[in-house]
Amino acid sequence: MLFYLPWQLLGLLALCCRPIAASICADPHFAAQPIVPLGPMFIRSLVGNSTVCIQVLFSSSSASYVSIAIAETPYMVNTPATNAVVFDTSSASTFLAIIQSYESRDLPLQSDTEASLKPFQGGVLNGQISFTFERPLAAATIYDVPIDPSTAICIQWAYSNREWPSKHSNYGSANILLGAPTIAAALANDGVLTSSTPAIAAITLALMVLLGLGVTHVAKRTALAKVLYHKSVCAPAKRHDPWCAQPWANMKLGEAGVVLLYIGCLVLVIAQVNNQFNALSAGHRLALISGHLSLVALVFLLLPIARGKHWELIFGASYERILKFHRWLGRLCFLTGALHLIVVISNETQLTGTAGYGPQQVVSLFGLLAFICFATMTVGAYDPFRRAYYNDFVLCHRVAAIIGIFFVILHSRTVGNAMILPLAVYGLSFLARVVAAFANTATASTKPTTNCDDSPNSRSVLLTLPVTAKSTKWAQEANACAYFWVNIASVSLIEWHPFSAIVTPDGNSIAFCIKAMSADRFADKVVRAVTTAASSGTDCKLTLRLDGPHGKPSLDVDDYDVLVLVAGGIGITPLLSLINRARHRAKANNNSAVEYYLHWVVRSPHELILVESLMFPIPTNVKTMFNVTHANESGHILCQTGDGVAYVADGPVLDEFINVERYHHQRVGVLACGPPVLVHNVEWHSHSCMRV
């Protein structure tokens with residue numbers, strides 16, 4: 001025993017004298033490492049053989065604690081729970097907390113801290129917070145996230161002005177390559193994940209365009225094309241229901257095919273977002289899915305308002321028929337955006353945060369501001385408000401749209417990528433319209449029309465373009481029932497309003513009938529300007545800027561033996577244009593045998609001579625029936641030709657002229673323009689004849 005004792009003492013002495021491995025934080029190279037921005041903070045890091053040293057710097061005189069966490073996702077609460085390094089400024093202590101919920105009372109301290117964290121130094125001096133710690137690269141406990149020094153890793157940051165444990169005042173995350181020699185290398189991979197949503201939306205639009213081109217130009221004369229263009233998804237209900245039944249009745253089968261493609265697009269977006277972010281919790285995945293669905297709706301709702309001839313060339317349908325998709329998509333965008341907001345709130349996300357958040361590094365504040373703008377547009381577009389305050393609606397709608405799109409692009413990189421295509425389409429169409437508006441400028445002669453309500457002041461005027469090569473081309477080549485967007489700079493520099501272009505009886509020009517429906521609106525200002533000049537004996541000329549022609553009837557008017565035209569009030573203008581268009585196209589199109597049955601419903605007898613200079617004398621192939629709903633008895637009124645215009649003192653009986661027996665063995669088309677209830681009744685009677 002005594003023999004071995006010296007050797008034991010010698011071994012013990014050697015063990016005690018062995019040098020302890022120095023901390024990587026004490027390495028002289030650590031001070032030379034770059035300071036990398038982490039939200040409002042900065043970090044310095046150096047990677048050793050098996051550990052990493054991290055220094056956190058934050059300038060704040062009010063922060064009670066500062067925290068960072070090595071994480072697998074940008075979200076603070078994960079499954080399984082992970083830990084975070086917390087520095088308490090009051091005690092200058094560094095410790096580990098387990099982040100297992102968003103509740104501040106449920107953030108226990110990690111008991112086995114020594115295995116995962118070795119504080120090196122920490123303190124606060126003149127508002128400058130600094131703390132340094134060392135941790136192993138491998139996961140020492142179940143709460144640690146392993147670090148791969150060759151790959152950028154997600155680092156979360158947070159701070160609060162209240163004592164720990166408490167809800168953070170601000171937070172965020174960034175992807176940083178720890179130990180990188182330069183700032184650029186540390187931030188080379190920002191970790192922002194972009195999805196395939198923009199590509200899916202673009203491919204869907206391309207398929208829609210190909211489908212439209214195929215039906216419009218390849219199969220346009222086939223029975224299938226006629227079914228797709230003219231067959232409705234369902235017959236209209238007898239009772240006018242603008243919210244439920246009527247939208248389906250207004251949708252043609254071809255349009256339903258486009259809707260099915262869009263639904264397929266939504267399904268693909270849901271699948272790819274759910275698959276790409278399958279590591280996240282269900283709540284965070286739902287937030288991403290609802291946000292991407294709202295984005296797809298936003299992408300497509302911009303396209304229908306990019307008015308121009310291109311939609312007619314692609315789909316064979318005019319701007320006003322496609323516009324209903326803008327309304328539907330606007331509501332869908334609002335609803336999915338509202339769902340996105342609700343889910344984000346339930347996920348304890350800070351709505352006013354300005355730092356990047358989540359795997360796509362969205363800026364919450366910009367998303368909130370965009371949603372407020374879009375919600376304002378949705379509420380303002382409610383039909384009663386829109387009709388009552390149209391000028392205010394247009395101004396608010398456009399301003400809110402510009403601001404909302406600006407903020408939603410700043411909200412996320414994915415949004416910016418997705419909005420390139422619709423903004424390009426809209427921008428090009430807008431530029432084309434601006435150029436055309438200045439090119440299509442004409443000085444129109446004006447004439448107050450006969451009073452419609454027996455009052456001393458006229459409530460409508462007739463604006464007629466001079467006969468030029470351009471106006472003649474419009475009159476002879478534009479689609480039937482075409483309309484123009486009209487701007488009169490002397491009345492309003494920014495207001496553009498649609499008015500039907502009435503072909504003059506000689507077919508050499510067009511005219512616009514503008515009727516004032518209420519005081520102090522655009523039409524009322526035009527009427528007052530013309531009537532004031534007329535009463536003073538001045539020849540009033542108005543300079544018009546025109547955007548058009550737009551519009552195309554849902555029927556091919558040259559494909560019928562009989563056309564039944566039903567007009568209500570000022571709705572006579574597009575149908576009168578159709579009649580006058582037929583006057584000079586009869587020989588060219590060999591359709592002089594087409595019969596027209598015009599039924600015009602007005603309130604006052606004076607409205608029957610609203611456009612008398614463009615209407616009378618009536619062509620021989622046009623049979624008319626005029627109904628005056630507010631007349632006490634039937635009678636007649638003299639027009640400018642001296643002929644009497646007879647009318648019936650009652651509303652129209654649609655069964656009498658929309659029936660199968662009256663037009664037996666003939667192709668009959670029915671067109672209606674006027675109040676929604678009248679148009680719906682005509683549509684219902686027409687479909688009833690088709691079911692017989």
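Values quoted throughout were computed directly from the atomic coordinates according to the rules given, and no laboratory measurement underlies them. Not measured: the values here are computed from a predicted model. Reconstructed Cβ throughout: ideal geometry from the backbone, glycine too, with neighbour counts over all protein chains shown.
Things to note:
- A Förster distance of 45 Å, applied to the separation of the beta-carbon atoms of S90 and A140, puts the FRET efficiency at 0.95.
- Across q = 0.14, 0.15, 0.18, 0.22 Å⁻¹, segment 102-220 modelled as identical point scatterers on its alpha-carbon atoms has Debye log10 I(q)/I(0) values of -0.86, -0.96, -1.25, -1.43, in the order of the q list.
- Dipole magnitude for segment 557-691: computed about the Cα centre from +1 point charges on Lys and Arg Cβ and -1 point charges on Asp and Glu Cβ, it is near 400 debye.
- Close amide H contacts of G316 (hydrogens built in the peptide plane, cut-off under 5 Å, sequence separation of 5 or more or a different chain): none are found.
- Here the chain is treated with +1 on each Lys and Arg Cβ and -1 on each Asp and Glu Cβ, and its dipole about the Cα centre works out to around 1280 debye.
- Panel note: the C-alpha atoms of segment 497-637, placed on their principal axes, show extents of 47, 42, 28 Å (largest first).
- At the listed q of 0.11, 0.16, 0.17 Å⁻¹, the Debye profile of segment 440-550, built from one uniform point per Cα, gives log10 I(q)/I(0) equal to -0.33, -0.70, -0.79.
- Over the residues of the chain, the helix contribution to mean residue ellipticity at 222 nm works out to -12000 deg cm²/dmol, using -39500 (n - 2.57) for each DSSP H run of at least 4.
- Kirkwood Rh and Cα Rg combined as Rg over Rh, evaluated for segment 24-186: 0.92
- Between 0 and 90 degrees, the angle of helix 364-380 with respect to the longest Cα principal axis of the chain falls at about 20 degrees.
- Average projected area [Cα convex hull, segment 80-124], square nanometres: 3.7
- Placing pseudo-labels 7 Å out from each Cα toward the beta carbon at A649 and Y389 gives an inter-label distance of 4.2 nm.
- Axis of helix 319-346 versus longest Cα principal axis of the chain: the two differ by about 30°, to the nearest ten degrees.
- For segment 24-186, averaging the sequence separation of C-alpha pairs within contact (under 8 Å, six or more residues apart) and dividing by the residue count gives a relative contact order of 28 percent.
- Of every Cα-Cα pair in segment 584-675, the percent that sits beyond 15 Å: 67
- Residue separation of L493 and A184 scaled by 0.36 nm, minus their Cα-Cα distance, works out to 106.2 nm of gained length.
- Dipole of segment 197-311 computed with +1 at Lys/Arg Cβ and -1 at Asp/Glu Cβ about the Cα centre; of I263, M251, A201, farthest Cα towards the positive end is M251.
- Sorted largest first, the principal axis extents computed over the alpha-carbon atoms of the chain equal 145, 57, 45 Å.
- Taking the Cα atoms of segment 197-423, the ratio Rg/Rh between the radius of gyration and the Kirkwood radius comes to 0.99.
- Segment 24-186 - charge dipole about Cα centre, Lys and Arg +1 at Cβ, Asp and Glu -1, debye rounded to 20: 320
- Taking the Cα atoms of segment 299-349, the ratio Rg/Rh between the radius of gyration and the Kirkwood radius comes to 1.24.
- Helix 390-411 axis versus longest C-alpha principal axis of the chain: approximately 30°, rounded to the nearest ten.
- Residue (of L323, A582, L96) at the positive-pole extreme of the chain, dipole from beta-carbon charges: A582
- Karplus-based coupling profile of segment 22-35, in residue order and whole Hz: 6, 5, 4, 5, 8, 5, x, 6, 4, 5, 8, 5, x, 8, with θ = phi - 60° in 6.51 cos²θ - 1.76 cosθ + 1.60 and x standing for Gly or Pro.
- Rg and Dmax of segment 81-165, both derived from C-alpha coordinates alone, stand at 13.4, 37 Å.
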